[in-house]
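This report refers to the structure that appears directly beneath it.
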Amino acid sequence: MKAINIEEKFTKFSKNWHPHRIAVVDDMQVLLAKLKGEFVWHSHEDEDELFQVVKGTLYMQFRASSEEAGSEGGIRTEVVKEGELIVVPKGVEHNPCTKNDEEVHVLLFEKLSTAHTGNVKDEMTQTEYPWI
Ligand code: NI
């Protein structure tokens, strides 16, 4: 039962798109990740996924109909600024991205069973989240 300093934890790893675990709450986990560039389109059949932006600006892409406001090329981008969070509901296809070569720091809150890239296997897929 010790206080966890999030800023300090972010200094303990550098690899992009590789979540690291800082806490477990029942069957949920708190992860930190450094994101840069584009991830991979995927969905999680049985799990919601929370992204809280600690540093930078996250661009969360969703599939959209062409009539949907703010959509372009069948994609709707939700801008999540520093200090904001977004919940991606189970079953919803999403693709987290950053812009302008910015490294974005996020805190994730999700079930221990949540697979990194959900229904998709990709070279970016991580299967182990190291404790830091
Ligand atoms: Ni996801």
Please list, in order along the stretch 32-42, the HN-Hα scalar couplings obtained from phi with the Karplus expression 6.51 cos²θ - 1.76 cosθ + 1.60 (θ = phi - 60°), rounded to whole Hz, x for Gly and Pro. 10, 8, 10, 10, 8, x, 10, 8, 9, 5, 6
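Counting only DSSP beta bridges with both residues in the chain, what percent are antiparallel, rounded to the nearest 5? It would help to have the intermediate numbers written out before the result.
Numbers: 37 of 39 bridges.
Rounded to the nearest five, the antiparallel share is 95 percent.
Just the number please: accessible area per residue for the chain, 1.4 Å probe, all protein chains included, in Å².
Per residue, the chain has an accessible area of 57 Å².
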Could you check how much of the accessible area of the chain is carbon and sulfur, as a whole percent, using a 1.4 Å probe? 48
Measuring from centroid to centroid over Cα atoms, what is the spacing of the stretch 1-49 and the stretch 69-131 in Å? 11
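With the cut-off at 1.5 for a/c, could you classify the chain from its C-alpha gyration tensor as rounded, prolate or oblate? If you can, show how the numbers build up before the last one.
Numbers: a/c = 1.80, a/b = 1.45, b/c = 1.24.
Cα axes put the chain in the prolate bin.
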Only helices counted: for the chain, with every DSSP H run of 4 or more residues adding -39500 (n - 2.57) and the sum spread over all residues, [θ] at 222 nm is -500 deg cm²/dmol
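The values are calculated or read from the model by the stated rules, or taken from the named source; none is laboratory data. For clarity, every value in this text was computed on a predicted model and none was experimentally measured. Accessible surface areas use protein heavy atoms only, side chains included; no ligands, DNA or RNA. Shrake-Rupley method; radii C 1.70, N 1.55, O 1.52, S 1.80 Å.
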